[in-house]
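Worksheet: one structure, shown below.
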Amino acid sequence: MLDILLPSLLSGVLTGGVYALVALGLTLIYGVLHIVNFAHGSLLMFAMFGAWLLAARAGIDPYLALVPMTAAMLAVGWALYAGIIGRVSRGEDRTILLATLGISVILDNLALVLFTGDTRTIETPYSFSTVDLGPVALPTAKLISFAFALALAGLLWAF
């Protein structure tokens, strides 16, 4: 039983580290701008589709695709703030909630039209490689993601 429970627990912790980074971004937006951004997850989804496109069409490693996708999503976020969010954030709180919820619905449906509802995967040389930590074999990609999330969270804390 321990041979199933321990790898599952560690895999959950590694995945949770990435989710914590996403939550950190959401709390950073709220802490600095006092905006509850319902479109945060939809924008993340578009960034992931962008990384998938760069990997599938241009052959760029998904982790290297983070650099151009971060720049692109910074531009998209700035445009959304300058065009919509900044304007409605000066009013009532529910206005910003409805605006970001509307942006989320539009982005989600746009993604459904552009990419359909099919699952996408990225094949890399390390897709199926594992790192053995004693009796547990952990996926290399999850370890890289967790380390990256931990490093970014540490940088944000230091900043």
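A few points about this structure:
- Within the chain, helices built from complete DSSP H runs that reach 24 Å or longer along their own axis (Cα positions) and carry a mean Kyte-Doolittle hydropathy of -1.0 or higher are 2-33, 40-58, 93-115, 140-158.
- Here each label is just a point 7 Å from Cα along the line to Cβ, and for Ala56 and Leu98 those points are 3.6 nm apart.
- With a simple spin-label model that places each label point 7 Å from the Cα along the Cα-to-Cβ direction, the separation between Val32 and Thr116 comes to 3.9 nm.
- Full-extension gain in nm, Arg90 to Ile106, via 0.36 nm per residue minus C-alpha separation: 3.5 nm
- For the stretch 1-67, chymotrypsin sites (Phe, Trp or Tyr not before Pro) are listed when DSSP marks them as loop and at most 16 other Cβ atoms sit within 10 Å of their Cβ; the list is Tyr63.
- Cα-centre dipole for the chain with unit charges at Cβ (Lys and Arg positive, Asp and Glu negative), debye to 20: 420 debye
- Separation of the Ile144 and Phe159 label points, Cα + 7 Å toward Cβ, nm: 2.3 nm
- When the alpha-carbon atoms of the chain are used, the pair Rg, Dmax equals 18.1, 56 angstrom.
- Average accessible surface area per residue within the chain, 1.4 Å rolling probe, Å²: 67 Å²
- A straight chain from Leu152 to Ile4 at 0.36 nm per residue would run longer than the Cα-Cα distance by 50.3 nm.
- When the residues Asp3, Asp61 are ordered by accessible surface, computed with a 1.4 Å probe over the protein chains alone, the sequence from largest down reads Asp3, Asp61.
- Heavy-atom accessible surface of the chain: percent carbon and sulfur, 1.4 Å: 73 percent
- Cα gyration tensor shape of the stretch 51-143, rounded if a/c is under 1.5, else prolate or oblate by comparing a/b with b/c: prolate
The values are calculated or read from the model by the stated rules, or taken from the named source; none is laboratory data. Just so it is clear, the structure is predicted and the values come from calculations on it, not from any experiment. Heads up, the Cβs are rebuilt from the backbone with ideal geometry, glycines too, and the neighbour counts pull from every protein chain shown. The protein model used for the area step is the full one, side chains on, heavy atoms only, and it has no ligands, DNA or RNA in it. Shrake-Rupley method; radii C 1.70, N 1.55, O 1.52, S 1.80 Å.
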